[in-house]
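The values are calculated or read from the model by the stated rules, or taken from the named source; none is laboratory data. A quick note: this is a predicted structure, and the numbers were derived from the prediction, not measured. FYI the Cβ positions are ideal-geometry reconstructions off the backbone, even for glycines, and counts take in every protein chain you see.
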Amino acid sequence: MKRILVTGGAGFVGSHICERLLSEGNEVICLDNYFTGSKRNVEHLMDHHYFELVRHDVTNPYMVEVDEIYNLACPASPVHYQYNPIKTIKTSVMGAINMLGLAKRVKAKILQASTSEVYGDPAIHPQPESYWGNVNPIGLRSCYDEGKRCAETLFMDYHIQNDVDIKIVRIFNTYGPRMNPDDGRVVSNFIVQALKGDDITVFGDGTQTRSFQYVDDLVEGMIRMMNSRDGFVGPVNVGNPGEFTMLELAQQVIDLTGTKSKIIHMPLPQDDPLQRQPVIDLAKKELNGWEPKIPLKEGLVKTITYFDNLLKQIEK
Ligand code: NAD
Ligand code: UDP
(Lines give C-alpha, C1' and ligand atoms only; values in the text may rest on other atoms or scores of the structure.)
(Ligands and ions follow the chains in the order given, each with its own letter.)
Protein backbone atom coordinates (compact mmCIF):
# COMPACT_ATOMS: atom_id res chain seq x y z
CA MET A 1 0.00 0.00 0.00
CA LYS A 2 1.29 3.45 -0.94
CA ARG A 3 0.34 6.78 0.62
CA ILE A 4 -0.44 9.19 -2.22
CA LEU A 5 -1.09 12.93 -2.20
CA VAL A 6 -3.41 14.30 -4.92
CA THR A 7 -3.42 18.12 -5.14
CA GLY A 8 -6.55 19.46 -6.83
CA GLY A 9 -8.11 16.13 -5.83
CA ALA A 10 -11.61 17.58 -5.42
CA GLY A 11 -11.65 18.80 -9.03
CA PHE A 12 -12.93 17.06 -12.12
CA VAL A 13 -9.86 14.96 -13.05
CA GLY A 14 -8.49 14.80 -9.48
CA SER A 15 -11.64 13.14 -8.12
CA HIS A 16 -11.32 10.36 -10.71
CA ILE A 17 -7.62 9.90 -9.83
CA CYS A 18 -8.46 9.65 -6.10
CA GLU A 19 -11.18 7.09 -6.83
CA ARG A 20 -8.88 4.95 -8.97
CA LEU A 21 -5.97 5.05 -6.49
CA LEU A 22 -8.26 4.04 -3.61
CA SER A 23 -9.72 1.18 -5.66
CA GLU A 24 -6.19 -0.13 -6.12
CA GLY A 25 -5.71 -0.30 -2.33
CA ASN A 26 -3.75 2.89 -1.74
CA GLU A 27 -4.14 5.50 0.98
CA VAL A 28 -5.09 8.85 -0.57
CA ILE A 29 -4.72 12.36 0.81
CA CYS A 30 -6.78 14.75 -1.29
CA LEU A 31 -5.74 18.39 -0.99
CA ASP A 32 -7.83 21.23 -2.43
CA ASN A 33 -8.79 24.86 -1.83
CA TYR A 34 -12.21 24.32 -3.52
CA PHE A 35 -11.75 27.15 -6.02
CA THR A 36 -13.16 25.14 -8.93
CA GLY A 37 -13.49 21.79 -7.19
CA SER A 38 -16.00 20.76 -4.55
CA LYS A 39 -16.54 18.36 -1.69
CA ARG A 40 -19.43 16.95 -3.72
CA ASN A 41 -16.94 15.49 -6.23
CA VAL A 42 -15.41 13.28 -3.53
CA GLU A 43 -18.50 12.83 -1.34
CA HIS A 44 -18.73 9.16 -2.32
CA LEU A 45 -15.16 8.58 -1.07
CA MET A 46 -15.60 10.23 2.35
CA ASP A 47 -16.45 7.00 4.20
CA HIS A 48 -13.50 5.19 2.73
CA HIS A 49 -11.11 4.16 5.49
CA TYR A 50 -8.03 5.27 3.55
CA PHE A 51 -9.32 8.60 2.21
CA GLU A 52 -8.49 11.95 3.78
CA LEU A 53 -9.70 15.35 2.53
CA VAL A 54 -7.67 18.46 3.44
CA ARG A 55 -8.51 22.11 2.72
CA HIS A 56 -5.22 23.65 1.68
CA ASP A 57 -3.87 26.10 -0.88
CA VAL A 58 -0.77 24.84 -2.73
CA THR A 59 0.72 28.33 -2.84
CA ASN A 60 1.56 27.59 0.82
CA PRO A 61 3.94 24.75 1.77
CA TYR A 62 2.43 21.48 2.97
CA MET A 63 4.29 18.76 4.81
CA VAL A 64 3.27 15.11 4.88
CA GLU A 65 5.00 11.74 4.55
CA VAL A 66 3.94 10.33 1.19
CA ASP A 67 5.32 7.96 -1.46
CA GLU A 68 3.82 9.68 -4.49
CA ILE A 69 2.33 13.06 -5.44
CA TYR A 70 -0.07 13.82 -8.31
CA ASN A 71 0.10 17.61 -8.74
CA LEU A 72 -3.18 18.73 -10.33
CA ALA A 73 -4.06 21.86 -8.36
CA CYS A 74 -4.82 24.64 -10.88
CA PRO A 75 -8.04 25.91 -12.45
CA ALA A 76 -8.23 24.52 -16.01
CA SER A 77 -11.11 26.39 -17.65
CA PRO A 78 -10.24 29.74 -19.30
CA VAL A 79 -13.16 31.47 -17.53
CA HIS A 80 -11.85 30.42 -14.12
CA TYR A 81 -8.12 30.76 -14.70
CA GLN A 82 -8.66 34.28 -16.10
CA TYR A 83 -10.79 35.32 -13.10
CA ASN A 84 -7.62 35.98 -11.06
CA PRO A 85 -4.65 35.55 -13.41
CA ILE A 86 -2.03 36.39 -10.76
CA LYS A 87 -3.41 33.71 -8.49
CA THR A 88 -3.40 31.24 -11.41
CA ILE A 89 0.27 31.68 -12.19
CA LYS A 90 1.10 31.61 -8.46
CA THR A 91 -0.76 28.32 -8.17
CA SER A 92 1.23 26.75 -11.00
CA VAL A 93 4.64 28.14 -10.06
CA MET A 94 4.54 28.31 -6.25
CA GLY A 95 2.46 25.14 -6.16
CA ALA A 96 5.15 23.36 -8.18
CA ILE A 97 7.94 24.72 -5.93
CA ASN A 98 6.09 23.68 -2.77
CA MET A 99 5.23 20.21 -4.03
CA LEU A 100 8.71 19.62 -5.52
CA GLY A 101 10.23 20.74 -2.19
CA LEU A 102 8.03 18.22 -0.41
CA ALA A 103 8.94 15.47 -2.91
CA LYS A 104 12.63 16.24 -2.41
CA ARG A 105 12.38 16.16 1.37
CA VAL A 106 10.38 12.92 1.68
CA LYS A 107 11.82 11.29 -1.49
CA ALA A 108 8.41 10.94 -3.13
CA LYS A 109 7.83 10.44 -6.85
CA ILE A 110 5.91 13.39 -8.29
CA LEU A 111 3.78 13.72 -11.42
CA GLN A 112 2.89 17.09 -12.94
CA ALA A 113 -0.43 17.59 -14.76
CA SER A 114 0.86 19.77 -17.58
CA THR A 115 -1.14 20.69 -20.62
CA SER A 116 -1.36 20.86 -24.39
CA GLU A 117 -1.57 24.64 -23.80
CA VAL A 118 2.24 24.63 -23.59
CA TYR A 119 2.04 24.38 -27.41
CA GLY A 120 -0.03 27.60 -27.53
CA ASP A 121 -1.53 28.29 -30.97
CA PRO A 122 0.57 25.61 -32.64
CA ALA A 123 2.41 26.22 -35.89
CA ILE A 124 3.03 22.46 -36.19
CA HIS A 125 0.14 20.05 -36.56
CA PRO A 126 -0.35 17.54 -34.95
CA GLN A 127 1.83 18.31 -31.94
CA PRO A 128 4.71 16.01 -30.87
CA GLU A 129 6.44 16.50 -27.51
CA SER A 130 9.52 17.86 -29.31
CA TYR A 131 7.57 20.97 -30.45
CA TRP A 132 8.44 24.00 -28.26
CA GLY A 133 5.17 25.80 -28.85
CA ASN A 134 3.86 29.18 -29.90
CA VAL A 135 2.69 30.95 -26.75
CA ASN A 136 1.92 34.64 -26.30
CA PRO A 137 3.68 35.59 -23.02
CA ILE A 138 1.42 38.60 -22.32
CA GLY A 139 -2.04 37.54 -23.48
CA LEU A 140 -5.21 36.52 -21.66
CA ARG A 141 -4.20 32.84 -21.65
CA SER A 142 -0.59 33.46 -20.55
CA CYS A 143 -1.23 33.11 -16.80
CA TYR A 144 -2.19 29.49 -17.46
CA ASP A 145 0.07 28.60 -20.39
CA GLU A 146 3.24 30.24 -19.05
CA GLY A 147 2.51 29.03 -15.50
CA LYS A 148 2.37 25.46 -16.78
CA ARG A 149 5.49 25.96 -18.91
CA CYS A 150 7.37 27.33 -15.88
CA ALA A 151 6.15 24.38 -13.79
CA GLU A 152 7.63 22.00 -16.40
CA THR A 153 10.94 23.89 -16.15
CA LEU A 154 10.89 23.61 -12.36
CA PHE A 155 10.15 19.89 -12.53
CA MET A 156 13.06 19.32 -14.91
CA ASP A 157 15.44 21.44 -12.83
CA TYR A 158 14.55 19.71 -9.54
CA HIS A 159 15.13 16.43 -11.36
CA ILE A 160 18.51 17.44 -12.77
CA GLN A 161 19.76 19.45 -9.77
CA ASN A 162 18.24 17.53 -6.85
CA ASP A 163 17.58 14.11 -8.36
CA VAL A 164 13.83 14.33 -7.65
CA ASP A 165 11.93 11.48 -9.30
CA ILE A 166 9.56 13.32 -11.68
CA LYS A 167 7.01 12.55 -14.39
CA ILE A 168 5.39 15.13 -16.69
CA VAL A 169 2.14 14.51 -18.56
CA ARG A 170 0.81 16.97 -21.18
CA ILE A 171 -2.95 16.56 -21.04
CA PHE A 172 -5.13 17.39 -24.07
CA ASN A 173 -8.77 18.54 -23.70
CA THR A 174 -10.47 16.06 -21.39
CA TYR A 175 -14.17 15.80 -20.53
CA GLY A 176 -16.53 13.57 -18.58
CA PRO A 177 -18.67 13.25 -15.47
CA ARG A 178 -17.93 15.62 -12.56
CA MET A 179 -17.04 18.58 -14.73
CA ASN A 180 -18.64 21.56 -13.07
CA PRO A 181 -21.84 22.57 -14.95
CA ASP A 182 -20.59 26.19 -14.71
CA ASP A 183 -17.08 25.18 -15.71
CA GLY A 184 -17.15 27.19 -18.94
CA ARG A 185 -15.28 24.64 -21.06
CA VAL A 186 -16.81 23.68 -24.35
CA VAL A 187 -18.07 20.13 -23.74
CA SER A 188 -19.84 20.93 -20.47
CA ASN A 189 -21.18 24.22 -21.89
CA PHE A 190 -22.70 22.58 -24.99
CA ILE A 191 -24.21 19.67 -23.05
CA VAL A 192 -25.73 21.84 -20.31
CA GLN A 193 -27.07 24.30 -22.93
CA ALA A 194 -28.59 21.44 -24.95
CA LEU A 195 -30.21 19.82 -21.91
CA LYS A 196 -31.70 23.15 -20.79
CA GLY A 197 -32.87 24.01 -24.32
CA ASP A 198 -30.69 27.14 -24.33
CA ASP A 199 -28.77 28.44 -27.33
CA ILE A 200 -25.52 26.60 -28.03
CA THR A 201 -22.71 29.16 -27.95
CA VAL A 202 -20.13 28.50 -30.65
CA PHE A 203 -17.24 30.96 -30.36
CA GLY A 204 -16.01 32.37 -33.69
CA ASP A 205 -17.02 30.54 -36.85
CA GLY A 206 -16.60 27.18 -35.09
CA THR A 207 -13.94 25.84 -37.48
CA GLN A 208 -11.26 25.78 -34.76
CA THR A 209 -10.47 22.22 -33.66
CA ARG A 210 -9.79 20.34 -30.45
CA SER A 211 -9.10 16.65 -29.76
CA PHE A 212 -11.31 15.40 -26.95
CA GLN A 213 -10.32 12.69 -24.50
CA TYR A 214 -12.69 10.88 -22.14
CA VAL A 215 -11.57 11.12 -18.50
CA ASP A 216 -11.12 7.34 -17.97
CA ASP A 217 -8.52 7.22 -20.75
CA LEU A 218 -6.64 10.11 -19.15
CA VAL A 219 -6.66 8.49 -15.70
CA GLU A 220 -5.28 5.26 -17.17
CA GLY A 221 -2.52 7.23 -18.93
CA MET A 222 -1.59 9.19 -15.79
CA ILE A 223 -1.41 6.07 -13.60
CA ARG A 224 0.72 4.31 -16.21
CA MET A 225 2.99 7.35 -16.40
CA MET A 226 3.50 7.38 -12.62
CA ASN A 227 4.45 3.71 -12.84
CA SER A 228 6.56 4.02 -16.00
CA ARG A 229 10.19 2.85 -16.08
CA ASP A 230 12.81 4.62 -13.96
CA GLY A 231 14.48 7.39 -15.91
CA PHE A 232 11.50 8.10 -18.17
CA VAL A 233 10.35 11.55 -17.10
CA GLY A 234 8.50 12.75 -20.21
CA PRO A 235 6.97 15.12 -21.03
CA VAL A 236 4.49 12.78 -22.67
CA ASN A 237 1.28 13.72 -24.50
CA VAL A 238 -1.85 12.03 -23.16
CA GLY A 239 -4.82 12.75 -25.38
CA ASN A 240 -7.17 11.32 -27.97
CA PRO A 241 -6.07 12.12 -31.55
CA GLY A 242 -9.70 12.24 -32.76
CA GLU A 243 -9.93 15.89 -33.90
CA PHE A 244 -13.22 17.80 -34.29
CA THR A 245 -14.31 21.34 -35.11
CA MET A 246 -16.49 23.09 -32.52
CA LEU A 247 -19.35 23.05 -35.05
CA GLU A 248 -19.01 19.25 -35.36
CA LEU A 249 -19.02 18.94 -31.57
CA ALA A 250 -22.12 21.13 -31.30
CA GLN A 251 -23.92 19.03 -33.93
CA GLN A 252 -23.02 15.76 -32.15
CA VAL A 253 -24.38 17.13 -28.86
CA ILE A 254 -27.58 18.28 -30.62
CA ASP A 255 -28.04 14.84 -32.25
CA LEU A 256 -27.34 12.86 -29.05
CA THR A 257 -29.57 14.96 -26.79
CA GLY A 258 -32.34 15.50 -29.35
CA THR A 259 -32.52 19.11 -28.20
CA LYS A 260 -34.35 21.92 -30.00
CA SER A 261 -31.50 24.30 -29.08
CA LYS A 262 -30.10 26.45 -31.88
CA ILE A 263 -26.45 27.22 -32.54
CA ILE A 264 -25.51 30.87 -32.08
CA HIS A 265 -22.11 32.42 -32.75
CA MET A 266 -20.25 34.58 -30.21
CA PRO A 267 -16.90 36.40 -30.52
CA LEU A 268 -13.79 34.22 -30.58
CA PRO A 269 -11.75 34.84 -27.39
CA GLN A 270 -8.27 36.38 -27.74
CA ASP A 271 -5.46 33.92 -28.64
CA ASP A 272 -7.90 30.99 -28.98
CA PRO A 273 -5.78 28.23 -30.60
CA LEU A 274 -6.93 27.34 -34.12
CA GLN A 275 -6.15 23.66 -33.97
CA ARG A 276 -4.95 21.03 -31.56
CA GLN A 277 -4.19 17.31 -31.95
CA PRO A 278 -1.73 15.13 -30.03
CA VAL A 279 0.91 12.83 -31.45
CA ILE A 280 0.74 9.88 -29.03
CA ASP A 281 3.54 7.63 -30.32
CA LEU A 282 5.65 8.26 -27.21
CA ALA A 283 2.79 7.37 -24.85
CA LYS A 284 2.13 4.16 -26.78
CA LYS A 285 5.81 3.21 -26.57
CA GLU A 286 6.53 4.15 -22.97
CA LEU A 287 3.17 3.58 -21.29
CA ASN A 288 2.85 -0.09 -22.08
CA GLY A 289 0.79 0.29 -25.25
CA TRP A 290 -1.55 2.91 -23.75
CA GLU A 291 -4.02 4.44 -26.18
CA PRO A 292 -7.43 6.03 -25.76
CA LYS A 293 -10.28 3.52 -25.85
CA ILE A 294 -13.38 5.71 -25.71
CA PRO A 295 -14.45 7.49 -28.91
CA LEU A 296 -16.13 10.91 -28.67
CA LYS A 297 -19.68 9.68 -29.23
CA GLU A 298 -19.49 7.05 -26.47
CA GLY A 299 -17.90 9.51 -24.03
CA LEU A 300 -20.49 12.17 -24.85
CA VAL A 301 -23.34 9.75 -24.13
CA LYS A 302 -21.89 8.98 -20.67
CA THR A 303 -21.33 12.68 -19.96
CA ILE A 304 -24.82 13.66 -21.14
CA THR A 305 -26.32 11.03 -18.79
CA TYR A 306 -24.29 12.49 -15.92
CA PHE A 307 -25.38 16.09 -16.56
CA ASP A 308 -28.98 15.05 -17.14
CA ASN A 309 -29.11 13.45 -13.68
CA LEU A 310 -27.27 16.37 -12.09
CA LEU A 311 -29.62 18.99 -13.55
CA LYS A 312 -32.66 17.00 -12.38
CA GLN A 313 -31.20 16.88 -8.84
CA ILE A 314 -30.52 20.63 -8.91
CA GLU A 315 -34.12 21.32 -10.08
CA LYS A 316 -35.58 19.37 -7.09
P1 NAD B 1 -10.61 21.54 -12.22
O2 NAD B 1 -10.67 23.01 -12.24
O3 NAD B 1 -11.86 20.76 -12.13
O4 NAD B 1 -9.65 21.03 -11.04
C5 NAD B 1 -8.63 21.79 -10.48
C6 NAD B 1 -8.66 21.59 -8.96
O7 NAD B 1 -7.57 22.33 -8.37
C8 NAD B 1 -9.95 22.12 -8.34
O9 NAD B 1 -10.45 21.19 -7.42
C10 NAD B 1 -9.51 23.40 -7.63
O11 NAD B 1 -10.32 23.75 -6.55
C12 NAD B 1 -8.08 23.04 -7.25
N13 NAD B 1 -7.22 24.21 -7.03
C14 NAD B 1 -7.10 25.31 -7.84
N15 NAD B 1 -6.22 26.16 -7.30
C16 NAD B 1 -5.75 25.60 -6.15
C17 NAD B 1 -4.84 26.00 -5.16
N18 NAD B 1 -4.19 27.17 -5.24
N19 NAD B 1 -4.62 25.17 -4.11
C20 NAD B 1 -5.27 23.99 -4.02
N21 NAD B 1 -6.16 23.55 -4.92
C22 NAD B 1 -6.40 24.35 -5.98
O23 NAD B 1 -9.78 21.14 -13.53
P24 NAD B 1 -9.41 19.70 -14.12
O25 NAD B 1 -9.93 19.63 -15.49
O26 NAD B 1 -9.75 18.63 -13.15
O27 NAD B 1 -7.83 19.83 -14.23
C28 NAD B 1 -6.96 19.19 -13.32
C29 NAD B 1 -5.51 19.44 -13.72
O30 NAD B 1 -5.28 18.91 -15.03
C31 NAD B 1 -5.16 20.93 -13.80
O32 NAD B 1 -3.83 21.10 -13.33
C33 NAD B 1 -5.23 21.24 -15.27
O34 NAD B 1 -4.38 22.29 -15.63
C35 NAD B 1 -4.77 19.91 -15.89
N36 NAD B 1 -5.31 19.78 -17.25
C37 NAD B 1 -6.62 19.48 -17.45
C38 NAD B 1 -7.11 19.39 -18.75
C39 NAD B 1 -8.55 19.06 -19.02
O40 NAD B 1 -8.95 19.12 -20.19
N41 NAD B 1 -9.35 18.68 -18.06
C42 NAD B 1 -6.27 19.63 -19.83
C43 NAD B 1 -4.94 19.95 -19.58
C44 NAD B 1 -4.46 20.00 -18.28
N1 UDP C 1 -15.83 27.29 -27.05
C2 UDP C 1 -17.03 27.51 -27.71
N3 UDP C 1 -18.14 27.71 -26.93
C4 UDP C 1 -18.12 27.67 -25.58
C5 UDP C 1 -16.90 27.42 -24.93
C6 UDP C 1 -15.76 27.24 -25.70
O7 UDP C 1 -17.10 27.53 -28.94
O8 UDP C 1 -19.18 27.84 -24.97
C9 UDP C 1 -14.62 27.04 -27.88
C10 UDP C 1 -13.41 27.86 -27.50
O11 UDP C 1 -13.41 29.10 -28.15
C12 UDP C 1 -12.28 26.94 -27.96
C13 UDP C 1 -12.85 25.54 -27.79
O14 UDP C 1 -14.25 25.69 -27.69
O15 UDP C 1 -12.02 27.17 -29.34
C16 UDP C 1 -12.34 24.83 -26.55
O17 UDP C 1 -12.52 25.69 -25.46
P18 UDP C 1 -12.26 25.23 -23.94
O19 UDP C 1 -12.44 26.43 -23.09
O20 UDP C 1 -13.06 24.02 -23.65
O21 UDP C 1 -10.73 24.73 -23.94
P22 UDP C 1 -9.35 25.35 -24.50
O23 UDP C 1 -9.63 26.55 -25.35
O24 UDP C 1 -8.59 25.69 -23.29
O25 UDP C 1 -8.78 24.24 -25.31
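Considering segment 30-87, the residues that are away from ligand 2 (no atom under 16 Å from the Cβ) and among the hydroxyl-bearing types (Ser, Thr, Tyr) include one that is farthest from the chain's Cα centre (by Cα), namely Tyr50. Within segment 133-181, being in a loop (DSSP other than H, G, I, E, B), closer than 21 Å to Val236 by Cα and over 21 Å from the mean Cα position of the chain (by Cα) holds for Asp163, Val164, Asp165. Look at segment 105-139 and say how many of its residues are surrounded by 16 or more Cβ atoms within 10 Å (Cβ to Cβ) and touching a residue at least 24 places away in the same chain (Cβ under 8 Å). Here the count works out to 18. Taking the criterion of being more than 8 Å from ligand 1 (Cβ to nearest atom) and either crowded, with 21+ Cβ neighbours inside 10 Å or basic (Lys, Arg) (or both), the residues of segment 167-177 that qualify are Lys167, Ile168, Val169, Gly176. Evaluate the following for Phe172: is it under 17 Å from Gln112 (Cβ atoms) and in contact with a Ser or Thr (Cβ under 9 Å, 6 or more places away or on another chain)? Yes, satisfied.
Which condition does Leu296 not pass, out of (1) more than 13 Å from ligand 2 (Cβ to nearest atom); (2) on the phi > 0 side of the Ramachandran plot, if it passes all the others? Every listed condition holds for Leu296 apart from (2). When we screen Pro177, Pro126, Pro137, Pro181 for residues that are modelled with pLDDT under 95 and of a type outside the set (Val, Ile, Thr), the only hit is Pro181. Taken over segment 197-211, the residue count meeting the criterion of being more than 17 Å from Met266 (Cβ to Cβ) and surrounded by fewer than 22 Cβ atoms within 10 Å (Cβ to Cβ) is 2.
Sub-8 Å Cβ pairs linking a first residue in segment 3-22 that is of a type in the set (Ser, Thr, Tyr) to a second residue that is assigned to a helix (DSSP H, G or I) and crowded, with 24+ Cβ neighbours inside 10 Å, at least 6 apart or interchain, are Thr7/Gly14; Thr7/Gly95; Thr7/Met99; Ser15/Asn41; Ser15/Val42, ordered by first then second residue. Starting from segment 250-265, take each residue that is away from ligand 2 (no atom under 12 Å from the Cβ) and list its partners that are among the basic types (Lys, Arg) and at pLDDT 95 or above, counting only C-beta distances under 7 angstrom and pairs at least six apart or across chains. Matching pairs, first to second residue: Gln252/Lys297.
Considering only segment 36-74, how many residues are small (Gly, Ala, Ser) and in contact with a helix residue (DSSP H, G or I) (Cβ under 8 Å, 6 or more places away or on another chain)? Residues that pass the stated criteria total 2.
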